[in-house]
Amino acid sequence: MKDETLLQEGASRFGVKLSGSQVGALLSYLDEMLAWNKKINLTAIKDRSEAIEKHLVDSLTVCPLVSGRKNLLDLGSGAGLPGIPLKIVLPELQVVLVDAIQKKILFQRHVCRSQKLSGIESCHGRAEILSSREEMDHAFDVVISRAFSDLRTFIQFALPFLKPGGRIVSMKGPEGEAEYESNRPWLQELGVSCLEIKCLELPFSGAKRTLLVFQEGLVSPRSCGLSAG
Ligand code: SAH
């Protein structure tokens, strides 16, 4: 299968219809990532087809959860995942990418400049420190992370950035549900509710993923919905 088709088909499994120009932008972002990866450590995946599925399609699995929201903060964004693919596909979404490593931030800025993306910003620093900045304090509708930290640390880092009624989205591997279960009492005590657990399989490798969605406050007395994608 051609790489363009791989990407288009992969995304469509999660209800995301990509235009030709979005496919072009996503693939050239990936090519920049693989080229820069020879100099700075951005990804362990070196094969283009594998990266199409495990980086691009994987990032787009959250589109239905994020679409229609005003702004999104991606903590520990690394090479810009999932924030840059989301920005390419949802151009109205305002995106802020955070990472503690300056070289990764420089890569993100380079990509945003060369792709002429606007309404996206890269912020160098540690998540736990940046939350005290006035413009970031309780300023985001969605705080997301992929492969960033354990669930507890992420939720603690995410809460100070979250607008009232906003969502925290944690993108995890197959262990996501068990990690949620083991943190349930702690989350309850903290006053954070799980809105949804989405179990997914990536379309070509069958790799398992879990999307965990949280909100501050008690949402409903029924237990968290589990859905398979
Ligand atoms: N989200 C990306 C990168 C995951 S690797 C992806 O899915 O590919 C985790 C990233 O988190 C690294 O780039 C690391 O530099 C960053 N990181 C770790 N601790 C951090 C912290 N406290 N604040 C900001 N970034 C952090």
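The values are calculated or read from the model by the stated rules, or taken from the named source; none is laboratory data. Nothing here was measured: the structure is a model prediction, and the numbers come from that model. Positions of Cβ are generated from backbone atoms using ideal geometry, with glycine treated the same way; all protein chains shown enter the neighbour counts. Accessible surface is based on the protein model in full, side chains and every heavy atom, while ligands, DNA and RNA are left aside. Shrake-Rupley method; radii C 1.70, N 1.55, O 1.52, S 1.80 Å.
Restricted to the range 97-118, and to residues there that are part of a loop (DSSP other than H, G, I, E, B) and within 13 Å of the ligand (Cβ to nearest atom), the residue that is nearest to Leu162 (Cα to Cα) is Ala100. The residues on offer are Leu7, Leu42, Leu18, and the sole one that is buried (at least 21 other Cβ atoms within 10 Å of the Cβ) and closer than 16 Å to Gly83 by Cβ is Leu42.
Quick check on the range 80-96: of everything there that is within 10 Å of the ligand (Cβ to nearest atom) and of a type outside the set (A, V, I, L, M), which residue is nearest to the chain's Cα centre (by Cα)? Per the criteria, the residue is Pro82. When Tyr29 is tested against (1) surrounded by 23 or more Cβ atoms within 10 Å (Cβ to Cβ); (2) free of Cβ contacts under 8 Å to residues at least 12 places away in the same chain, only condition (2) is not met. Only one entry of Glu134, Glu175, Glu121 meets the criterion of being out of contact with any Phe, Trp or Tyr (no Cβ under 8 Å at 6 or more places or on another chain), away from the ligand (no atom under 16 Å from the Cβ) and of a type outside the set (S, T, N, Q), and that entry is Glu134.
Evaluate the following for Arg146: is it open to solvent by 10 Å² or more (accessible area, probe 1.4 Å), within 11 Å of the ligand (Cβ to nearest atom) and within 15 Å of the chain's Cα centre (by Cα)? So Arg146 passes the test. Residues in the range 119-150 that are assigned to a helix (DSSP H, G or I) and out of contact with any Leu (no Cβ under 7 Å at 6 or more places or on another chain): Glu128, Ile129, Leu130, Glu134, Glu135. The listed residues are Arg69, Arg133, Arg126, and the only one of them that is farther than 19 Å from Phe14 by Cβ, modelled with pLDDT of 95 or more and charged (D, E, K, R) turns out to be Arg126. When the range 38-79 is limited to residues that are of a type in the set (Gly, Ala, Ser) and assigned to a loop (DSSP other than H, G, I, E, B), the one that is farthest from the chain's Cα centre (by Cα) turns out to be Ala44.
In the range 45-56, the residues that are farther than 16 Å from Gly206 by Cα form Cβ pairs under 9 Å with partners that are open to solvent by less than 20 Å² (accessible area, probe 1.4 Å), at six or more places apart or across chains, as follows: Ile45/Ala51; Ile45/His55; Arg48/Leu27; Arg48/Leu30.
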